[in-house]
Amino acid sequence: MKKSNRMYMVTKLIGFTDQEVTRLALDWLSLIRILITPVRYKFQKGAYQAFDAVIIEKLLSSLTATSECWVQIVGTGGEFQLQIADNTIHEQAIIDYENFLSFAAVTEDYLDQRIKQFGVYGYLRSFDEFLANNVAIMEKRMFNTSEEMKGLPKRYTKEQKVIIDCNQLAGFDLFYEGLCFTACWKIYITSFYYRLIPQPIFAEIQRVHEIEALTEQVLKITLHKDPLRWDQPVNLQDQRMLRSQLGVDQLAWSNGIGVLREPYIEFAYLDDTIQTVQYQNRYFQPVPKKQATYFVTRSYDFLTGKATVNRTKGKLNAQAYFPWIDQQHKKMMNYRVLDPELTLDNGLAAYEFYIRQFLEIEVADENYRSFLSVLHFYLPEEALEQVPLEALYDQLEDMNILNLKKEAEYMSFDVRKAKNHLRVMFLDYNQLGELTGLLRSNSIK
């Protein structure tokens with residue numbers, strides 16, 4: 001990969017007064033003048049103008065918490081952007097590594113103080129690493145060799161254009177409910193995250209260089225020592241592990257293809273309560289779900305503030321894979337929502353992955369033998385007619401497939417391997433609403 005050796009800094013700040021926004025903006029300008037030699041600036045949609053400190057200071061001093069503005073300052077050594085909108089400040093900066101290294105302590109202290117007082121999220125990382133994980137348009141990845149491009153995951157857009165599937169990459173910035181979920185050199189975690197991922201999940205992360213508590217509610221996680229060595233194999237492994245431990249890809253998935261990786265943690269959101277299950281081995285290290293021998297369960301009630309945690313040793317039961325139990329009809333169920341039209345293989349890899357995920361299991365209760373386990377795939381209506389059955393059968397050649405049914409509303413078949421069994425059903429997206437109602441009914445517990 002062709003590298004620029006620059007650093008990338010991002011923050012989102014809220015909760016400031018008119019006086020505080022002026023101070024924040026002027027502090028931003030002060031950091032710029034420390035790190036780089038400003039040459040020109042742009043305000044709103046205007047043209048670039050020669051940098052003039054007096055004009056810029058006057059402009060920034062006039063800002064209030066309700067201002068709407070965008071300022072960019074470019075110079076020798078880097079470029080900075082400041083945007084204020086909807087009572088929120090967004091900062092972005094790209095800094096030459098030599099400049100950053102000369103004032104690394106100043107820059108980190110700047111970030112620490114801003115995040116402690118007003119932070120929603122923030123991070124500091126190699127700009128090359130950011131680009132490697134977040135540039136989806138293939139024509140813009142001029143920094144990759146042809147061989148590197150071949151190894152990257154790809155998908156279609158709605159317009160059937162091939163792009164890089166950045167959702168599959170460990171350093172992808174997933175924006176969800178106003179927060180940024182990612183894995184990179186230094187990330188700041190604030191109380192805003194804890195309504196989705198409980199604070200102890202962050203505080204107990206393994207295989208990172210350092211976790212520092214800036215306040216009771218703000219954590220700074222440093223993944224490894226040297227930001228420019230992000231692409232060393234061990235650092236790439238730890239980046240993936242960080243993302244897996246946080247369960248980022250279990251929270252939201254925007255590509256319609258599926259996660260296609262075993263979870264290390266799973267979440268359940270029930271009104272004002274979060275329930276989590278972390279999967280660990282006998283050394284209490286994080287592992288994929290099927291490899292777990294210890295299970296750490298947590299429950300957090302936001303109304304009462306009550307939190308419980310329990311670590312148990314054992315095997316997974318059937319409900320760990322099929323959480324919805326229909327006692328009346330003796331069925332256990334789980335489901336996945338996919339859009340195979342976005343995949344290059346018409347969904348083949350996703351179908352195989354999830355069938356194996358829910359069939360090749362070892363469970364320790366009698367329900368699995370006496371109940372029918374069912375996996376639903378919810379697809380766009382037009383995709384139901386294009387399920388690659390023959391290719392899927394070839395991929396599942398180590399299994400017995402029987403009872404293929406094709407009805408107007410669905411298609412299904414049964415799969416067996418050794419003592420395990422699974423009914424696979426392909427249904428229209430539109431029936432997902434019916435499922436939601438069923439799961440809330442009294443027959444499903």
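Brief remarks follow.
- Value of [θ]222 nm, deg cm²/dmol, for the chain, DSSP H segments ≥ 4, -39500 (n - 2.57) each, nearest 500: -7000 deg cm²/dmol
- Counted by Cβ distance under 13 Å from Ile265, the other residues give a net charge of 0, where Lys and Arg count +1 and Asp and Glu count -1.
- Taking trypsin sites (Lys or Arg not before Pro) across the range 1-109, the ones in a DSSP loop with at most 16 further Cβ atoms lying within 10 angstrom of their Cβ are Lys2, Lys3, Lys45.
- Low-density loop positions, trypsin sites (Lys or Arg not before Pro), the range 239-344 - DSSP coil, at most 10 other Cβ in 10 Å: Arg282, Lys306
- Taken about its Cα centre, the chain carries a charge dipole of roughly 880 debye when the Cβ of each Lys and Arg holds +1 and the Cβ of each Asp and Glu holds -1.
- For the chain, the normalised intensity computed at q = 0.07, 0.09, 0.10, 0.13 Å⁻¹ comes to -0.44, -0.70, -0.84, -1.26 (log10 of I(q)/I(0), Debye sum over alpha carbons, equal scatterers, no solvent).
- Here's the list of lysines a cross-link from Lys186 could span, going by alpha-carbon distance under 28 Å and ignoring same-chain residues fewer than 8 apart: Lys2, Lys3, Lys12, Lys116, Lys140, Lys154, Lys220, Lys225, Lys289.
- In a DSSP loop and with at most 13 other Cβ atoms within 10 Å, the trypsin sites (Lys or Arg not before Pro) in the range 391-427 are Lys419.
- Measuring r between the beta carbons of Gln160 and Leu389 and using R0 = 30 Å, the FRET efficiency lands at 0.85.
The numbers here are math on the coordinates, done by the rules we state, and not lab data. Bear in mind that the values here come from a model prediction, so they are computed numbers and not experimental data. With ideal geometry, Cβ positions are generated from the backbone for all residues, glycine too; neighbour counts draw on all protein chains shown.
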